[in-house]
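Working notes, structure below.
The values are calculated or read from the model by the stated rules, or taken from the named source; none is laboratory data. Note that the coordinates shown come from a computational prediction; the quantities given were computed from them, not determined experimentally. Every residue, glycine among them, receives a Cβ derived from its backbone with ideal geometry; neighbour counts consider all protein chains shown. Just the protein is used for accessible areas: all its heavy atoms, side chains included, with ligands, DNA and RNA removed. Shrake-Rupley method; radii C 1.70, N 1.55, O 1.52, S 1.80 Å.
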Amino acid sequence: RSNPEKFFDIELPNWETTKYWLPSAWDKKTAASGITVDAKGNIYVCDLVNQEVVEISPEGKKLSSAKVPWPDKVMVNSKTGDLYVVSTQVSRGFRPPSILMKVSGRGESAKVEAKLGLTNALGTTLALDETGKEPILWIGGGGELVRVIDKGSALEIEGKSIINPNKDD
């Protein structure tokens, strides 16, 4: 038996003054949804209650946040610091289509630089490839996997899904 030490805790608003979405077994979500780490060891947590991505130091101190609606998955561009966030609204059992967002800056200066509406169940998985000239995101879900190119002020799907759903081909 161990006594874990608190590392970091998401601060919840005062329920009496600000009503907010509550995690539930029905939604299969917690307040802290997606999580990733950058090259410096900073941790990024998708906070569904406060509708933001929180940056936490390796020592467990809050460094910054960026307001993003319904943040579900997050990746950090190690070269630019931009966040790639999959926004998926929680809606009691029905999963509406997600939106992929590119966010630059933190705090009050955080800005959505580009948005891409995703279809079907795309957005349940996310990977980032920074080896080329332009960042490439791989977005999966629902038997699909698409390649998304970061064009700066736009996110563009290149080609069709690379997963062939036809088992006879």
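Restricting segment 129-140 to residues that are touching a residue at least 24 places away in the same chain (Cβ under 8 Å) and buried (at least 18 other Cβ atoms within 10 Å of the Cβ) leaves a set whose member that is nearest to Ala39 (Cα to Cα) is Pro135. Candidates in segment 5-55 are the residues that are polar (S, T, N, Q) and open to solvent by 50 Å² or more (accessible area, probe 1.4 Å); of these, the one that is modelled with the lowest pLDDT is Thr30. Of the residues Pro69, Pro97, the single one that is of a type outside the set (Ser, Thr, Tyr), surrounded by 12 or more Cβ atoms within 10 Å (Cβ to Cβ), within 23 Å of Ser153 (Cβ to Cβ) and at pLDDT below 90 is Pro97. For segment 105-128, filtering for residues that are of a type outside the set (Lys, Arg), in contact with a Gly (Cβ under 8 Å, 6 or more places away or on another chain), closer than 15 Å to Gly81 by Cα and open to solvent by 60 Å² or more (accessible area, probe 1.4 Å) leaves 1. When restricted to residues that are assigned to a strand (DSSP E or B), of a type outside the set (Asp, Glu) and over 14 Å from Ser161 (Cβ atoms), segment 119-136 contains 4.
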